[in-house]
Every structure is written in structure tokens, then in C-alpha cells.
Amino acid sequence: MALFTRLLPSTVTEPLGAGEHDALHVAREIDRRAQRLFGRALAIREVDAGSCNGCEIEISGLTGPIYDMERFGMHFVASPRHADLLLVTGPVTRNMEVPLRKTYEATPDPKLVVAVGDCARTCGVFRGSYAVAGGVGDIVPVDVFVAGCPPEPTDILRGILAALDRRIPEVSR
Amino acid sequence: MTATAWLAAVQTLLAVGLAPGLAGVVRRLKARLQGRIGPPIGQPYRELRKLLQKEPLVAHHASWLFRATPFIVFATTVAVAALVPLLAVGLPIYAVGDLIVVVYLLLAGTFFLALAGLDPGSPFGGMGASREMTIAALAEPVIGVAIFALALTADSTNLGRIAARMLAHPATAVSPGHLLAFAALFIVTLAETGRLPVDNPSTHLELTMIHEAMLLEYSGRYLALLEWAADIKLFVFFALLANLFVPWGLAVTLTPLALAVALGALALKLGVLALALALLETRVAKLRLFRVPELLSVSFVLALLAVTASLLGR
Amino acid sequence: MPSALWLARAVMLAYAFGAVGALVSRGRAGRALGAAGALAGSLAVLCLGVLVLAGGTPLPLPSLVFPISGVLLRVDSLSAVFLLIIGLVGSAAAVYGYGYSAPAPGHPVEPATGGGAGGPRPHPDPRAMGTLLNLLLATMTLQVLADNAFTFLFAWEAMSLATCLFVLTDAADPEAVRAARWYLGMSHAGFAALVGLLLLLSGGDLTIPFEVVRQATLTAGVRDAVFLLAVFAFGTKAGLVPLHVWLPMAHPVAPSQASALMSAVVLKMGIYGLLRIVVDLMHGGPAWWGGVLLGAGALSAVFGILYALLESDLKRLLAFSSIENIGIIWMAIGAGLIFLSYGLLLPASVAFAGALYHALNHAAFKGLLFMGAGAVQRSTGTRNMERLGGLIGTMPWTAGLFLIGAAAVAALPPLNGFASEWLIFQALLEGFRIPQPSTALLMPIAVGILALASGLTAACFVKAFGITFLAIPRSPAAERASEAPFSMRAGMALLAAACIALGLGPFVVVPRLSGALEAMGLTAPGPPSPPLVTRPLGIAGTTGQMSPVLLAAGLLGIVALVHIGLRLAGARAPVRRVDAWGCGRIRQTPRMQYTSAAFAEPLRRVFAELYRPTDDLTVHVHPASEYFVQSIEYHAAVSPWIDRLIYRPMLGLLTRIAGRVRAMQGGSLHLYLLYLCVALLVALLASRWLG
């Protein structure tokens, strides 16, 4: 019976009502703008290019009941072939350099790249390591960097929003 | 064209048009059961529209078959949708293909999709093809025997006539043979449409995929056609379950009122089935691949019992 | 109708011409003569079949070509159906054989899986192929025209020998020799049973026409004995499990036009014999006869396709699939006999029509598939699917035609395999009319088995086509493959066209088949409905209808609409070619692909009880540390337990008996003379007592 009671309005997703909370603001913005971009259907492919998995924990929060990004028409997909946006985390290790490039090639145009976390931009504490090839921007063209170690889900959503704001046709191929 | 031909065309378009919506309802219900708001019901339509505009990618080694398959799969699925009674019984189009034709048309789609999975030479595609064909082969006898049970009570494999016979003899609906056949076909529906506990439609892990693994190579409009075909397949199976076993509401006479009632009844029945699917998918975990044959043999036994019950009850 | 007689004469003359022509002339001329004779003869056979089916009246063919006394020939609609099969596949094989028997482009011949001589082998002699092709076709034509036991036996034996020689064309191959030995042994066991049953049936006089046999009354015991002998005799010929052991050995090693003929036509002679003897001459029997056939057919259907699934030798896979299809035909005949025994004429005639139709369809698609496999083997030098792949790029015609055959054998609508399986389903679904529930319950089980077999067939042929023709070539030989010559493609195209036509036109074919049913003594039940109601563009079974033409038109229409719809929706972004997605791996090699064995692995595990698979994993490690693996060896095999259960004990017994009998062979002439005298005496006494 506990299952059925769930059907009644008992969702824990934070509603898009009035509120001061930053996350709500971002969510409302996305709800408004996603209509225009990608027809409010954004498929995201996550690429872990060598992160410590801190960012992944935050990213997985996006699909949970609190943030529930599916309500904005965003969802994670299993293949870059299906994706509109690559969500890349971590400094790019030497082993992930070619795979990241190949993932970028394997994504159909038009496409966006959002690099998540400080490591993705500056390589963070891993800078100078023999195993690191560079930041994400050194390997593939990045539309938006999301700062933070790790960034909160709200920040990631804001990053995606910023990427959506860049006009799609101008995205570099 | 005569009125019946128009109606058949409308029925088909209805199935093709409503199918993504049904998938959207299931997704929404599942989200609610998980405590989320979930995507709007129209989300699958938006995704299809977006995919149609995107650039299609094709692997270097893929042949013409890879590009032809989405069209073949879509065509066979739509053809099936045309043969299933959605609104009215007794349309002449049901004589173009009976229940056996429906089953084999769907098999044809699976056959080509599996070939397309093998075509680019990617190991994931091969894995998906192998698994999908395994499950399709094992589901086939269940469907065969369930058809026998239906044909036995209705004296026909013609879909319109099965529904009509049931309308004429309402008592058969609750006969044990019928209930068992319904259970068997429901399990087959889960297997054929790649639903939990057989296959997880939202998995991201390649090694656990069945249906999705064959689609990994597809993008753009080709992917849109295949996704749409998968939605139509779910719709068709639900419509079969709804209108062959619980045909009430189907229009016997082709008056606007009867058709409107039929549409409402269809929406109601599909809604109930979607809720059942969402509940099931929230409740059960995916079975290991090698436990799926056990599930299917359970449903085979159910189907066989259904036939036996109907045979002895005659 | 004198034209039929003239046609029959033309057939025999053409085959004789082809056989002699191929034998006496060399090179291209010999190949051309052999092919021309076979083609002309087969086309005449086809005409004869069509003529008789259209006319519908049986007619005797007195003094055909050779004036040997005791030979009686007659053609009726049942023969005509099988004449169609011979003519259709014969013509295609003749055309195909012209190109196939030419020296192949120089690839070293690789041994197939499981033994076989390594290294290059000389190409089989084209003269032998041409002669044998004509001979085999002639004997089979004679077979279906035979109208007395003597002619039947004569043609039977001649056909078996011609087939055996065909298997042996490549006599340097030890596999071929082994196959031929098995084939001879099995077919002579079958021949012995055939002699026995014909003696019983015709009361000792093998030359009386079948018409007399048809009127004869036999006691129930004799009839049962005749039936069981018929199951054995025709079961060995048709490759029924467990009498099938020779088939997967013999069919792959023969030249491909011969493999096509053997699978598509020679096996059908077992079906023909069964129908002629059991249904036509004996008018069916008790329900358990049908039960035996249904059970044996079901066993063959499931076993055949399960073994086909595991095969990675393309031609062996096709051979096993033939066992499955023969099983389906036997199931239909068995169901027909059951219906007949309960007096249910309508379902019985649907079942027999389904059996005949499937025999015809199987001939078309299996002939096509074997020819496709032959083209692949000729071009790449191997039949091993694990070394093939990517041929759709280098052999596009062969690939396309093979795909049609694969879709037809997988019973995909609207191709021909589906049309006949649909009829058989319709017949089986009528099972509920059987008054006895225990018998009636056989039918849903048969439906389940038929459905399982067809599902597994689809899986099997996804594998056969997908691994052989799609993806990346798995060996240099496959990479270098070149398209088959025109004549081979033409032969295949003929059969592919037949697959499509037979699939679209059941409303033309099925009414003609009812003539064959009448020839078997099944008359239309009652005035209101003819045996099989046909509609303008579709067919009706007993419980449903379908229309392949409208279905095909609908499918094409939808594809066209979708195409236009996509244009209108603005979905016309150009296609970009990229690497296959492999989670970003650096390089894709052919070895990363799914293999034939991998494809079948899930089903191998699901059906482990039947396969009794054995796996052998040996890991060789470096002597210094077990963590440095140097090589891994993996062997997977399926235990041939039918072999072990039945044939090995039997062969052991035979060898022991032969050892005992050898003691009689003293080497002394006097002893042999004594044996002769004793034998004569026994024979005289026996004939006196037995009357």
C-alpha cells in the first residue's frame, strides 16, 4: 500500500513556486529557456575523463527526487550518439584523452560541452601529474566551465543553462 | 474510400500518434511512484521532434542495411498497428492479417533490428542482437499457444472476430482459460517490449542492455524512427491485451457516438495497463539474463493451462 | 494429352544429352553442355508440372523413353507438385552450376571447422559435376513419375547412388569419404525397409501398378508394419531425427549446386514417398500414425534448429536447418493424418496443403541459401563463419539474395516461408475439433513447438547472415572476396524471385495444390465450401485470413510515406560517417566483434539440457609466476549424444556380427560351393512352404 500512497501528491521534488532559494531560481530559468533550445528535450552524455568521482556524486543528485532534472526534459543517455550535450568531469588523463576526443566526434551536431568541476578547467591538485594530459578545454572545445570542487547540482544546472544560452548554430563543430 | 477504410486509416494514425504519449504516461507515472515530478507527458514527442532535426551518424563499416532498418522496423510496427482493433470490430482490414501475421510482422522487425545491431561491427550491437533474438525465440512459443487459446474460444484468429465473439459471449471473459491466457500474454508483453523485469529501458550500462544495445549506434532521424517504433510496439501490445481480453467499449456499429465511447474506453484501458506497468517496474528488479527463460517458461505453462482449460471447458 | 508425353520425353532426352555432353567434352564447352542439358530438362519438368497441375487429371506415360519391361510411369497432381520442385531448383542449379564449376579465383582452400585436409586441394572435376547433375535430376524425375513398386525402387536406388557420387566429387577430402560412407549405409538401410514395405504392400509382385495397390485391402497388422517401415525408409531419406546423422555430414561437402539440390529436392523425395505410400496408397490410418509423424517431426524441428544455431560452418548450419524444415513438414503431415483419422477432412486438407506448400517453399529458399553459401565458399575459400564477415560490401548481390533467403526461412511476412507456416498454424489451430481431448491437446503443444522452432530459426539466420555478411571482415580471405560470376547470381536470383512470388501468391498456389490433395484421395468435403476458400488477393485457412499482397503493398506504402514525411518534417541533415561507437576505444579490430559462437551462447546455455555442452579452459602460465598468462585455450563442444546413444552401440554390434560372419570365410572354394548348395536348398524349400 505504501506504493500506492506515493501516487498521491507526495513528491519531494522542490517545487517551482515562489522562493528565495537559488536552486529554484535556476530551475525556473531552465524551465523557461529549455522550451526554446533543443525543443525542451536535452539528452546528456556524462563522460568521466579521470575525475575523483566527487563531481559524479553531485551529478547523480540531478536525477534524484530533489532536483529531478527529468521534469525539464533533460535526461542522461547511454550513448553519445543519442546526446546533445556532453557533461565532462575531471582532469583529462592520458588514457582518457583519445576516448574523450572520440566521444566528442561520436556526438551528432548540434552539440554542447559542459566541463564540470575545478579539475576540468585547471586540473586542480592533479596539475603537473605525469598521468594528466590537460584540462577538458585542451582536448575538446568547451562551451561552459562549472567551477567548484565539487560544484553543487544547482551549479551544474546553471552551467547547463549557460550552455543552452549560447546560440546553438554558433557552436563550434 | 469507404467509411470502413477511412476508419481503419484513422485507427492506424491514432496508434502511431498516441504511442509516444502512452510512453510519456508510463514515464510520468514511474516518476511519481519514485517521488519525483517527472517529465511532462508530451516529453517523448519533444524528443522525437528534436531527434528528427539532428545530424545522423553512421559507422564506417555499416552497410545500407543499417540505414534501411529503421524504415523496415517502423513499417512493420505501423502495419501491425493497422491490424489491431482499436476502436471498432468488424473492419475489413482485419482480414489482411490475423493474429499470426501480427506476431510474425513484429518478429520481422526484431530480425532486422538484430541485423542492424551486428552491422557496424560494434560488440555492443552484437550482444544486444544475440540477447534480443534469444528472448524473441523463447517468447514465440508462448505467443503461439496463447493464440491457440484465443482462437479456440473465438473459433478464429481474425482479431476483429476474436473481439466480436467475446462481446457476444461476455461469460467467456472470466473463464479460467481466458484469465490464464491474459497472464501469459502480459508476461510476453514485458519481454517483447523490453520492460522490467526482462530488460531495463532506462539502463546506461552497456553490459546489462538488451534492446537498447542495438540502438547504441543510431542517431538523428534513424534513432527517432526506432524509438517511435518501440513506443508503437508497446501501444500495440497494450491494445491487444485491452481489446482482445476486455473488448467492451469497442464500436460494433460505426456511429460517431459509439466511436467516441470506443476512444474513451481505449484511453481508460490503456491508462489502467500503463499504471500496472509503472507499478510493476517500480516494484521489481531486473532479472539476470539467464533467469528470463524461467519467467518465460512460467508464462508458457500458463498459456498451456489456458488452452487445456478452454479445451476441457468446451 | 499427348503434349505431356512429349514433354516427358524431352525431359529425359535433355538430361541424357546433358549427362553425355558434360562427360565427353572438356573445359567451358563441357560445362556449357552439362548446364544446358540440365536447364532444358528442368524447364521441361517445370512445364510438365504446371501443365498437369493446371489440367488436374492424372495421365499415364506409357513407353516413355526406355523400353524396359516392368517400368510404369504416370503423372498426377501430387507428382506435379514435386515436378515443380525439381524443375525450379534444377533450373537454378543448372545455371548456377555453370559458373560454380569453373575454376575458382585463386584462394588457398582453408579447412572447414573440425578436421579436413589442410592446404590447397584440386578443384573438383567439372565434368563429373555436370554429368551427375543431369543424372540426379533425371532419377528424381523418374522417382516422382514411378507408378509401380519396381520403378519406384529403381529410381530410389539410382537417386541415392547419384547423390552419393556427388558427395564424393571431392574424393581427396577425408570428410567427404566419411560422409559418403555414412550416406551409403543409411540410405541402404532405408532402401531395405523400402523393399520390405513395397513387398508387403504389393503382395509380392513389384510390377503391379499402384492403382491395383490402391484398391488392395490389407490386415491392420500388415498396414501398421508398412507404416512403420515407411517412417524408417522415408525418414532416413528426409533426414528425420534420429535418422539424420548422415545429412549434416553429406550436404556440406558436396559441391554447392549439389548441396542445394540435396537439401531442396532430394530430401523432398522422402516427403513425396511418405505422401504417396501412406496417404495416397493406404488412405491414412489410425490416429497414432499421425501422432508418430507429429512427434518425430516436432523432435526434428527443434533439434535441427538448435544444432543449426551452434554451427559455425555455414553449410552445416544450412543442413541442420533443412532437418528443421523437414520436421515442420512431417508435423503438418502428421496433423493431417490425425485429422483424417477423425474424419475431419477440411483441417486435414489444410494441413496437407501446408505440407506441400512448405515443401515447395523450402526448396526455393534452401536452394537459394545453399547457393549463396557456395558463392561465399568459392570466393573466400572457407565456410567457417568465424573467418567471414563484411561480405555485403564485396559481394553485394550474393548478400542481398542471401538476405531474401534468410528472411524467407525465418518465416518473415510477406515471403514464402511465412505463407506456408501460416497455413500449417491454421491447420494445427483446428485441433480443438478433435473429439478426444487427449489427442486434441497434442495440437497446442505442436503449435508451441512450431512457434519455438520458427523463433529459433529467426535467431539462427540473424546469426548466419549477420556474422557472414555484415560488419568487418574477420580474415584476409574475406577481405579479398569478390562477387560471384553472373551465372551464379542468375541462378540465385531465380530462386529469390520464386521466394517472393510464392510468398505473395498463396492465393494462386493453394487452389492448385488442392488438385494434389484430390490426387491423394482427399475430396472436398460437402458442397458449401471448397477445401480452401480463396479470396482475390489473400488466402483463408480454416480460422483466419491473410493477404500477403495487401500486406506487402501496405509495408511499401508506409516506407514511402515515412520517407516523404521525414522530408516534410525537415529531417534531412546529411549523414556523417564516423567510427563505430565503442566507449572511446582507440582502435576497432575485427576480433572485437561478436562471433558466431558468442551469438549462440545465450541459447546454448538456455538449452544446456539438450546440448550437453562441454567446455574446456586451459590457461598456460609463465613458469616463473602464475600471474603471467601466456596463452589461454578454450574448447567448447556439444556432445553428440544421439550418436552415442544409438549409433555407436549399433555400429559396435554390427562390427561384432561381421567379425563372427568372417569366420565363415575360409578361403576354400569347396566350402563356398557348399554354401551355395545350402542357400539354394533353403531358398527352394522356403518358396515351397511360403507358397
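Quick notes on this one:
- Calculated FRET value between C:Arg660 and C:Trp6, using beta carbons and R₀ = 60 Å, to 0.05: 0.60
- Residues of the stretch B:9-44 with an amide N closer than 19 Å to a point placed 7 Å from the Cα of A:Ser60 along the Cα-to-Cβ direction: B:34-36.
- Counting charges near C:Gly565 (Lys, Arg +1; Asp, Glu -1) among other residues having Cβ under 15 Å from its Cβ returns a value of +4.
- Across the stretch B:184-190, coupling constants 3J(HN,Hα) worked out from phi with the 6.51/-1.76/1.60 Karplus curve, θ = phi - 60°, read 4, 5, 5, 5, 4, 4, 4 Hz, and Gly and Pro carry x.
- Charge dipole (Cα centre; +1 on Lys/Arg Cβ, -1 on Asp/Glu Cβ; no other charges) of the stretch A:27-150 amounts to roughly 240 debye.
- Using the Cβ-Cβ distance between B:Trp64 and A:Arg166 with R0 set to 41 Å, the FRET efficiency from 1/(1 + (r/R0)^6) comes to roughly 0.65.
- Placed amide H near A:Val146: partners under 5 Å, 5+ positions off or other chain: A:Ala115, A:Val116, A:Gly117
- Contour excess over end-to-end distance, with Cα ends at C:Asp615 and C:Asp205 and 0.36 nm allotted per residue: 142.0 nm
- Amide H contacts of C:Val621 (H built 1.01 Å from N, in plane; Pro and chain starts excluded): C:Gln630 sit under 5 Å, all sequence-distant by 5 or more or on other chains.
- For peptide A:104-115, the mean count of partner chain Cβ atoms within 10 Å of a residue's Cβ comes to 4.
- Percent of beta bridges antiparallel (DSSP, the stretch A:27-150, rounded to nearest 5): 10 percent
- Under 27 Å from A:Lys111, Cα to Cα: lysines that are on another chain or at least 8 residues apart: A:Lys102, B:Lys50, B:Lys54
- Simple label model, 7 Å out from Cα along Cβ direction - C:Arg572 to B:His204, nm: 3.7 nm
- Under 17 Å of direct C-alpha separation, and excluding same-chain neighbours fewer than eight residues apart, B:Lys233 reaches these aspartates and glutamates: B:Asp98, B:Glu132, B:Glu140, B:Glu192, B:Asp199, B:Glu212.
- Prolate/oblate/rounded label for the stretch C:538-663 (Cα gyration tensor, a/c 1.5): oblate
- Per residue of peptide B:157-168, the mean number of Cβ atoms on other chains within 10 Å of the residue Cβ is 2.
- The ranking of B:Glu55, B:Glu132 by Cβ neighbour count inside 10 Å, starting from the fewest, reads B:Glu55, B:Glu132.
- Net charge, B:Val103 excluded, C-beta distance under 10 Å - Lys, Arg +1, Asp, Glu -1: -3
- Cβ-based exposure ranking for C:His358, C:His563, in which fewest neighbours within 10 Å come first: C:His563, C:His358
- Net charge of Cβ neighbours under 13 Å - reference C:Ala230; Lys, Arg +1; Asp, Glu -1: +1
- Sorted peptide list for C:441-448, C:476-483, criterion being average Cβ within 10 angstrom, highest first: C:441-448, C:476-483
- Highest to lowest packing among C:14-22, C:217-225, C:81-89, scored as the average C-beta count within 10 Å: C:81-89, C:14-22, C:217-225
- Three-way shape label, the protein assembly as shown, alpha-carbon gyration tensor, a/c 1.5: prolate
- For the segment B:142-155, counting C-beta atoms of other chains within 10 Å of every residue's C-beta and taking the mean gives 6.
- Comparing C:Thr595, C:Gly584, C:Leu200 along the charge dipole axis of the protein assembly as shown, the residue lying farthest to the positive side is C:Leu200, per the Cβ-charge model.
- Helical mean residue ellipticity (222 nm; -39500 (n - 2.57) per DSSP H run of 4+; nearest 500) of chain C: -22000 deg cm²/dmol
- Using only side-chain charges placed at the Cβ, +1 for Lys and Arg and -1 for Asp and Glu, the dipole size of the stretch C:132-212 relative to its Cα centre rounds to 160 debye.
- For A:Thr13, the amide hydrogen comes within under 5 Å of the amide hydrogens of B:Ile37, counting only partners 5 or more places away or on other chains and with H modelled in the peptide plane.
- Shape class of the stretch A:89-173 from the Cα gyration tensor (axes a ≥ b ≥ c, square roots of the eigenvalues): oblate, since a/c reaches 1.5 or more and a/b does not exceed b/c.
- Assigned charges on the beta-carbon of Lys, Arg, Asp, Glu; the protein assembly as shown dipole about Cα centre (debye): 1020 debye
- Among the chymotrypsin sites (Phe, Trp or Tyr not before Pro) found in the stretch A:109-154, those both in a DSSP coil and sparsely packed, with 16 or fewer other Cβ atoms within 10 Å of their Cβ, are A:Tyr130.
- Fewest-first ranking of B:Trp248, C:Trp330, using other Cβ atoms within 10 Å as the exposure measure: B:Trp248, C:Trp330
- Sorted on the mean count of surrounding Cβ atoms within 10 Å across their residues, most packed first, peptides A:56-64, C:207-215 read A:56-64, C:207-215.
- Couplings 3J(HN,Hα) for the stretch C:330-342, derived from phi with the Karplus relation 6.51 cos²θ - 1.76 cosθ + 1.60 (θ = phi - 60°), are 5, 4, 5, 5, x, 4, x, 5, 4, 4, 4, 5, 9 Hz, where x marks Gly and Pro.
Bear in mind these aren't lab numbers, they're just calculated from the coordinates by the rules spelled out. Note that the coordinates shown come from a computational prediction; the quantities given were computed from them, not determined experimentally. So basically every Cβ, Gly included, is an ideal-geometry build from the backbone, and we count neighbours across all protein chains shown.
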